[in-house]
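The values are calculated or read from the model by the stated rules, or taken from the named source; none is laboratory data. The structure presented is a predicted model; accordingly, all values stated were derived computationally and were not measured. Note: ideal-geometry Cβ built from the backbone for every residue, glycine included; neighbour counts use all protein chains shown. The area values use the complete protein model at the heavy-atom level, side chains included, leaving out ligands, DNA and RNA. Shrake-Rupley method; radii C 1.70, N 1.55, O 1.52, S 1.80 Å.
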Amino acid sequence: MRISARRVVAAVAALGSLVTSVVAIPAGASQTVAYAVQEQVNVPLVMADGTTLVGSVYYPADPGTGQRARGRFPVLVTMTPYGMWDGNSEYPANFPNGGSDHQILRYFAQHGYIGLEVDSRGSGRSQGLFTVLDPNQSRDYVRVIDIAAHDLPGSNGVVGLTGMSYRGLNQLLVGGLLRKGTPVKAMAPASAGASVFEDPFVQGGIASQFWYAYPGVLGISAVPPADQTVAPGGVDGRLAGVAVDRLRSAQNLTDMASQSLNGGPIAYRDGWWREREPLQATRAIVDAGIPVLLTTGTTDFFPRGAFRMYTALQSVAHGGSPYDPMSPAWKPDRRFQLVYGKDYTDGDFSFWLSYELQWYDHWLKGKDNGAASSDRTLHLQDQTGRWSAPPRGTYPLTQHYTKLYLDSGSRLSAVRPSSATVLPDLPWAPETTTETFTSSPFPGGATVAGPVSLSVSMRSTTPQVELIAQLNDLAPDGTVTTAVPGFEVDGDLAGTLRAIDPVKSWYDGSGTLISPHHTYSQASESRVPLGRPQRYDIELHPRVWSLAPGHRLQVVLSSQSNRLVPALPQTQALAGGMYSFVARDSWLAVPLLPSNAFPATADPTKAGLR
C-alpha cells in the first residue's frame, strides 16, 4: 500500500516542526551554496505492516525569505538507528567535525537536494523492535524510498542513498532488494563494507570489545533528541509506546550479547549473520544499475570490507563472482568507485562531502562534472597525504607478492630458512608479551598497497589458539608506526576457526595466499591438534603505505588483546597455552611495490577526485 501525497502533506503540516537555518559548512566541503535549509521534524511514515517510522525532512530554502524553495529536487535518503545523534540539535561531542546526519543532509540541501532522515524501526522516534541490521529494516527502506520518490512534497522522483557506518551498510543491504527501474540512481555508502561479522563486531572468530559495547551505544542513541521530543508530534501516546518497544529491544540486545559470550550460534558466521551480509546484495545492485561510491580509510572500521565490496561490484559487473579478485585485463566499470584516505574515520567523513556532492550531481542531476569520466575508479591516499589512482582501478594492485619469512634472530627474511628452526615460544598472555620480527631496511623505500596476510606453521599445547598480528613501519630512529585504529587489531585468528574457503580466498600469480576467506561457521570449527604443526592463515588490514628510504617492516605477534573478548568456551580452552613457530614454513605475504609504482600527488584532483 502506498502512502498518498495528501497524507504526507497533512502529516508535515500537522506534526512537522519547522526550522529554517543556514548551517556551517563542514571543513573540506564545497563552499558554494545556493540555498538555506528548512527542516521539518517528527514526520510519520507508515510501513507495510502498520509500524510508524518517524523522520526529518531537510528542504532547500530561499536564503532571503526562509521559505521552501520553488521547484522539485532529487531526494537523498538515510535510515539510521542513532536517533539521538540526529535531528536539528547539535552534538559536537559526538561529531566534532560535522559527521552527524542532520549536518550532512543540511549540507546537501544547501546544494539543491531534499534530505530525508528516518529513524530505523525500533530506534529514535520510530515504533517497533530493534535488532542489529534486521532484514525488516531493509524492507522498511524500500518503502521509504517509494515514499521519497512518489509522495514526498517537492520530490522530482529521483532518489539517492546517503550515510555512513550503519547507514552505509543499510544502503548496501537495501540494494539487495532493488530492481531495474528503481528510483534509486546512486548511493554513497561511507564507512561500510562487504561484511559486518568480520568488521567490526567479530575479528578472526573472536568477538570484539565493540560488539559488547554496542548495545550501550544503541541504548543511548535511541533516546529522541529533546528538541524533537518537545516539537509538535513529539510527546504523545505514540512516543510512550516507543518507550515500551525500547525496553523489549534492549532485552533482545542483552540476550544476543549473552549468547555470544557463551559461544552460542551468534558467535559463528552462520544464518543470522549471513542474512545481514552486504556482499550478498552485490548482484542485485549491479543488475539494477545503481552507481556506488565507497569511502574508507586508514582509521576506519571497514577498509577490508570496503575494498572487498568494490572488488565484488567490479567482478560481478564483468560477469564474475562477488568473491573473485579483479583481473588486470578488465576495463573498470566507472559506476563503481572507492576512495581511501589517511585521515578517514568512522563517525567523521566531512572531508568527502564535496566529492559525494559531485557523485550525486553527476548521477542524480546529470551534470557532466568528471565524476565518472575516466578509468580511474580507485583513489588512494597514503599516510603522507599523497594521492594516486592506479591504472584501470585493479584490486589487488599487484599479482606478485613478496614472502618475508619469520626467521631466527627476530628477523623477517627475504630468503626462506634452510632448516625447520623452532622459534621462541609465545605464551597465551597479556598483549605486552610479544614476539617481534623485523625486515632489513629498504634503501630506496617501497609501497605497501593492498591486502596483507600472515601464514604460520605453529604448534600449540592447548586445543584453542588466539594469535594476533600487527604490521608496523619501523623508522631508523626506532619510531614505530601502525596503520590500524586503536579499537581494532590488525589481524587475528581463533585457531579452531582456521578453515578457509579456497574458492573465496585470493592468491597471487604464483599461488601464494594473499587474502584468506575464513568460513567462521560452526560446522567448520575444528579442535587444534596438540603438539603438532598446524597452519594458521591470518588476514591483516589492507593498507596504502609508503615506506621511506631506510625504513623496515616489522610484524609483532601476540596472543591477547584488550580489544578482543573471547567467548567463555574459547577462554577455557586457551588457558595455559604455549605456541611455537616453525621458521621455514611461516611467512608474511606483502604487496611490495617500488616507491614510485604509481604517480603520486598532493593534489587529489590529479588522482581523479575533481
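What do you reckon, is Ser580 of a type in the set (Gly, Ala, Ser), farther than 29 Å from Thr384 by Cα, outside any strand (DSSP E or B) and touching a residue at least 60 places away in the same chain (Cβ under 8 Å)?
Judged against the criteria, Ser580 is not a match.
Looking at Arg535, Arg527, Arg552, Arg584 in this structure, which one is at pLDDT below 95, out of contact with any Cys (no Cβ under 7 Å at 6 or more places or on another chain) and either open to solvent by 20 Å² or more (accessible area, probe 1.4 Å) or farther than 20 Å from Gly341 by Cα (or both)?
Residue meeting the stated conditions: Arg584.
Among the residues of the stretch 402-429, write down those that are part of a loop (DSSP other than H, G, I, E, B), at pLDDT 90 or above and open to solvent by 30 Å² or more (accessible area, probe 1.4 Å).
Answer for the stretch 402-429, where residues must be part of a loop (DSSP other than H, G, I, E, B), at pLDDT 90 or above and open to solvent by 30 Å² or more (accessible area, probe 1.4 Å): Ala414, Val415, Arg416, Asp425, Trp428.
Kindly indicate whether any position in the stretch 118-131 is modelled with pLDDT under 90, within 22 Å of Pro153 (Cβ to Cβ) and either open to solvent by 10 Å² or more (accessible area, probe 1.4 Å) or among the hydroxyl-bearing types (Ser, Thr, Tyr) (or both).
Checked against the condition, which is being modelled with pLDDT under 90, within 22 Å of Pro153 (Cβ to Cβ) and either open to solvent by 10 Å² or more (accessible area, probe 1.4 Å) or among the hydroxyl-bearing types (Ser, Thr, Tyr) (or both), the stretch 118-131 yields at least one hit.
Considering the stretch 53-68 alone, what residues qualify as being touching a residue at least 60 places away in the same chain (Cβ under 8 Å) and open to solvent by less than 20 Å² (accessible area, probe 1.4 Å)?
Leu53, Val54, Gly55, Ser56, Val57, Tyr59
Determine which member of the set Leu152, Leu161 is within 18 Å of the chain's Cα centre (by Cα) and at pLDDT 95 or above.
Only one candidate qualifies: Leu161.
Conditions: (1) under 26 Å from Lys606 (Cβ atoms); (2) open to solvent by less than 10 Å² (accessible area, probe 1.4 Å). Val452 meets all but one. Number of the miss?
For Val452, the failing item is (1).
Mind telling me which of the residues Thr601, Thr571 ends up being farther than 22 Å from Asp407 by Cβ and in contact with a Phe, Trp or Tyr (Cβ under 7 Å, 6 or more places away or on another chain)?
It is Thr601.
In the stretch 316-344, which residues are modelled with pLDDT under 95 and more than 23 Å from His400 (Cα to Cα)?
Val339, Gly341, Lys342, Asp343, Tyr344
Return only the number of the condition from (1) open to solvent by less than 10 Å² (accessible area, probe 1.4 Å); (2) out of contact with any His (no Cβ under 9 Å at 6 or more places or on another chain); (3) under 23 Å from Trp359 (Cβ atoms) that Val158 does not satisfy.
If we test Val158 against (1) open to solvent by less than 10 Å² (accessible area, probe 1.4 Å); (2) out of contact with any His (no Cβ under 9 Å at 6 or more places or on another chain); (3) under 23 Å from Trp359 (Cβ atoms), just (1) comes out false.
Looking at (1) on the phi > 0 side of the Ramachandran plot; (2) touching a residue at least 40 places away in the same chain (Cβ under 8 Å), find the lone condition where Ser410 falls short.
(2)
Restricted to the stretch 555-570, and to residues that are surrounded by fewer than 16 Cβ atoms within 10 Å (Cβ to Cβ) and not aliphatic (A, V, I, L, M), which residue is modelled with the highest pLDDT?
Pro569
Could you figure out which of (1) in a loop (DSSP other than H, G, I, E, B); (2) open to solvent by 10 Å² or more (accessible area, probe 1.4 Å) isn't true of Gln470?
Looking at each condition in turn, Gln470 falls short on (1).
When the stretch 441-469 is examined, which residues are found to be among the polar types (S, T, N, Q), modelled with pLDDT of 95 or more and in contact with a Leu (Cβ under 8 Å, 6 or more places away or on another chain)?
Ser453, Ser455, Ser460, Thr461, Thr462, Gln464
Could you check, for the stretch 425-448, whether at least one of its residues is over 27 Å from Ala607 (Cα atoms), in contact with an Asp or Glu (Cβ under 7 Å, 6 or more places away or on another chain) and free of Cβ contacts under 8 Å to residues at least 40 places away in the same chain?
No, the stretch 425-448 has no match at all.
Can you pull out the residues in the stretch 278-314 that are open to solvent by 10 Å² or more (accessible area, probe 1.4 Å) and of a type outside the set (A, V, I, L, M)?
The answer is Gln280, Arg283, Asp287, Gly289, Thr298, Thr299, Phe301, Arg304, Arg308.
Yes or no: the stretch 503-524 includes at least one residue that is over 30 Å from Gly320 (Cβ atoms), open to solvent by less than 30 Å² (accessible area, probe 1.4 Å) and touching a Gly at 6+ places or on another chain (Cβ under 9 Å). So that I can check it myself, show each step before the final result.
From the stretch 503-524, those over 30 Å from Gly320 (Cβ atoms) are none; that's our starting set.
Looking through the stretch 503-524, none of the residues is over 30 Å from Gly320 (Cβ atoms), open to solvent by less than 30 Å² (accessible area, probe 1.4 Å) and touching a Gly at 6+ places or on another chain (Cβ under 9 Å).
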